[in-house]
Amino acid sequence: MKIVIVGTGYVGLVTGTGFAETGHQVTCVDINPDRVDNLNKGVMPIYEPGLEELVIRNMEEERLRFTTDLAEAVSDCLLVFICVGTPQGADGFADLSQVRAAAEQIGKAMTGYRIIVNKSTCPVGTADMVREAVGKLTTHPFDVVSNPEFLKEGAAIDDFMRPDRVVVGCDDVRVFEIMKELYAPFLRTGNPMLQMTIRSAEMAKYATNTMLAARISMINELANIAEAMGADINDVREAVMTDNRIGPSYLFPGLGYGGSCLPKDVQAIAELGRKHGVPVRMLDAINAVNRDQRTRFLQRIIEFFGDAIAEKRVAVWGATFKPRTDDMREAPAIDIIDGLLEQGAAVAVSDPVAGPFLTERYGDRIAFAARCYDALKDADALVICTEWREYHRPDFVKMGELMRERVIFDGRNLYTPKVVAEQGFRYFCIGRPSV
Ligand SMILES: NC(=O)c1ccc[n+]([C@@H]2O[C@H](COP(=O)([O-])OP(=O)(O)OC[C@H]3O[C@@H](n4cnc5c(N)ncnc54)[C@H](O)[C@@H]3O)[C@@H](O)[C@H]2O)c1
């Protein structure tokens, strides 16, 4: 099939590459000419493990191409996937301006029947808006489908190629059959394609992200109580997660969630409920607990140093919102770094992939160290914000030699307190007694 993907971010690029990998003819369109130029040279706009190799192979085999010319791409295809951003607007609702613009451009460019598939995360009712925007600009027939994406950054290729399920909201059986055919290679293990109404599909994505966010906020709130009561949340968590009704996913206490999805999606569905007069007490609490989690952690660092903080040097390990991605949107590290700088502390940050973002945002207000040990030189404390694998088993002796004071604030609970204490460190973590 000939497929057009509009938007080459985390979702569009992975989706387009995934379809090309199964033999389809895919054209990816982006309004950002630098992004398209780079992609045509094989330079990835994002860090996503395994993506580059797949993109280059499919380009070489002429199943995948990149362009800024949406009209040319849409003039000859059956399916058009909208994969543009839906950031949080000033009012808390999802900002649908990119989706609307993409729909209008598609409407103008259509030369015959098209299936327009919305993969961006959009509030219930967006398909109606897309239908209206396209319909105003074309006389050609078309169908609109909602096909939300559930991939996780850092594991996006695997998630796309082996999805737990594919959700398709559509009201036409023939269109559903085409979607089924398209996704069949990814569902060979028997995982289901779930057909539902467009509105249910639009809601399914928000509901899933909300459940995930709720688990994170719940374990964090429990961690805070455990800490206050002298219990160890790791032990508590083991007891909770081995209950078959609960399971282990998304139950790691820490600095809370960030990224481009959970914070904005929980907010967007809360606003949607509020707008329709539905109480959203739990939704509001999920985001509030999440925001507090980083503030509490920062406060603890500030309180530890007291007024002397302005003379301290703090090393930060990890800046991205989670490991194996370069996405810095809503990353807890930003709040921690900003807060430390505000207090006058000198800050040295190390992260395997966030260097360009950090340099652009902070310039010489922070010291950036490509290698994690370099950030520790003369540091009065280490703060861990992201659980990159290389931080899991560091050389504590070397760390102790480099640092001025042996203090660790671990926002991801990577170490066993007793082990760190034996190396002469003071160790503050989340939901466990500090040593
Ligand atoms: N990032 C994730 O992990 C993830 C997972 C599931 C769903 N989603 C959802 O998928 C959508 C896309 O997310 P993302 O992270 O890939 O976004 P992104 O911001 O990384 O990429 C969006 C891309 O769309 C391009 N674009 C915007 N308007 C365009 C237009 N009119 N024509 C062509 N290109 C255009 C932008 O230049 C950008 O490259 C969002 O709704 C998001 O909530 C994201």
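Scanning region 110-161 for residues that are within 13 Å of the ligand (Cβ to nearest atom), among the aromatic types (Phe, Trp, Tyr) and open to solvent by 20 Å² or more (accessible area, probe 1.4 Å) turns up just one, Phe150. Has region 339-348 got at least one residue that is free of Cβ contacts under 8 Å to residues at least 12 places away in the same chain and closer than 22 Å to Ala381 by Cβ? Yes, the conditions are met somewhere in region 339-348.
Cys77 meets the conditions (1) farther than 24 Å from Gly259 by Cβ; (2) in a strand (DSSP E or B) in every case but one. The failed one is (2). For Val167, indicate whether it is of a type in the set (Val, Ile, Thr), surrounded by 21 or more Cβ atoms within 10 Å (Cβ to Cβ), within 14 Å of the ligand (Cβ to nearest atom) and in the same structural domain as Gly9 (by TED's automatic domain parsing). Yes: the conditions hold for Val167. Of the set (1) within 17 Å of Ile408 (Cα to Cα); (2) surrounded by fewer than 24 Cβ atoms within 10 Å (Cβ to Cβ); (3) free of Cβ contacts under 8 Å to residues at least 40 places away in the same chain, all apply to Arg300 but (3).
Residues in region 239-276 that are of a type in the set (A, V, I, L, M, F, W, C) and more than 17 Å from Leu151 (Cβ to Cβ): Ala239, Val240, Met241, Ile246, Leu251, Phe252, Leu255, Val266, Ala268, Ile269, Ala270, Leu272.
The set of residues from region 257-303 being closer than 18 Å to Thr208 by Cβ and part of a loop (DSSP other than H, G, I, E, B) comprises Tyr257, Gly258, Gly259, Ser260, Cys261, Val280. Within region 278-285, the presence of at least one residue that is more than 19 Å from the chain's Cα centre (by Cα) and open to solvent by less than 20 Å² (accessible area, probe 1.4 Å) is confirmed.
Can you tell me which residue within region 34-44, out of those that are open to solvent by 40 Å² or more (accessible area, probe 1.4 Å) and in a loop (DSSP other than H, G, I, E, B), is nearest to Val14 (Cα to Cα)?
Val43
Residues that are open to solvent by 10 Å² or more (accessible area, probe 1.4 Å) and either within 11 Å of the ligand (Cβ to nearest atom) or in a strand (DSSP E or B) (or both) within region 8-33 comprise Gly9, Tyr10, Val11, Gln25, Thr27, Asp30, Ile31, Asn32, Pro33, listed in sequence order.
Can you tell me which residue in region 72-98 is most open to solvent (accessible area, probe 1.4 Å), limited to those that are among the aliphatic types (A, V, I, L, M) and under 17 Å from Gln267 (Cβ atoms)? Give the derivation first.
Residues of region 72-98 among the aliphatic types (A, V, I, L, M): 73-74, 78-80, 82, 84, 90, 94, 96.
Then drop every residue that is not under 17 Å from Gln267 (Cβ atoms), which leaves 90, 94, 96.
Working: Ala90: 120, Ala94: 20, Leu96: 41 Å².
Checking each candidate, the answer is Ala90.
Taking each residue of region 133-154 that is part of a helix (DSSP H, G or I) and looking for partners that are charged (D, E, K, R) with beta-carbon atoms closer than 6 Å, six or more apart or interchain, yields Ala133/Arg100; Ala133/Glu104.
Of the candidates Val99, Val55, Val74, Val36, the single residue that is in contact (Cβ under 8 Å) with a residue 40 or more places away in the chain and within 11 Å of the ligand (Cβ to nearest atom) is Val74.
Looking only at residues in region 62-71 that are farther than 15 Å from Tyr113 by Cα and free of Cβ contacts under 8 Å to residues at least 40 places away in the same chain, the one that is least open to solvent (accessible area, probe 1.4 Å) is Thr68.
Quick check on this structure: which one of Ala379, Ala370 is open to solvent by less than 10 Å² (accessible area, probe 1.4 Å) and not polar (S, T, N, Q)?
Ala379
Any residue in region 172-188 that is in a helix (DSSP H, G or I), open to solvent by 20 Å² or more (accessible area, probe 1.4 Å), within 16 Å of the ligand (Cβ to nearest atom) and not hydroxyl-bearing (Ser, Thr, Tyr)? Taking every residue of region 172-188 in turn, none turns out to be in a helix (DSSP H, G or I), open to solvent by 20 Å² or more (accessible area, probe 1.4 Å), within 16 Å of the ligand (Cβ to nearest atom) and not hydroxyl-bearing (Ser, Thr, Tyr).
Taking the criterion of being in the same structural domain as Thr295 (by TED's automatic domain parsing) and in a helix (DSSP H, G or I), would at least one residue in region 312-329 satisfy it? No: zero hits.
Note on region 77-96: residues that are under 19 Å from Cys28 (Cβ atoms) and either more than 9 Å from the ligand (Cβ to nearest atom) or at pLDDT below 95 (or both) total 5.
Given the structure, is Ile219 assigned by TED's automatic domain parsing to the domain that holds Val280, open to solvent by less than 20 Å² (accessible area, probe 1.4 Å) and under 26 Å from Gly259 (Cα atoms)? Spelling it out, Ile219 is indeed assigned by TED's automatic domain parsing to the domain that holds Val280, open to solvent by less than 20 Å² (accessible area, probe 1.4 Å) and under 26 Å from Gly259 (Cα atoms).
The values are calculated or read from the model by the stated rules, or taken from the named source; none is laboratory data. Keep in mind the model is a prediction, meaning the values are calculated, not measured. Positions of Cβ are backbone-derived with ideal geometry, glycine not excepted, and every protein chain shown enters the neighbour counts. Ligands, DNA and RNA are excluded from the accessible area calculation, which covers all protein heavy atoms including side chains. Shrake-Rupley method; radii C 1.70, N 1.55, O 1.52, S 1.80 Å.
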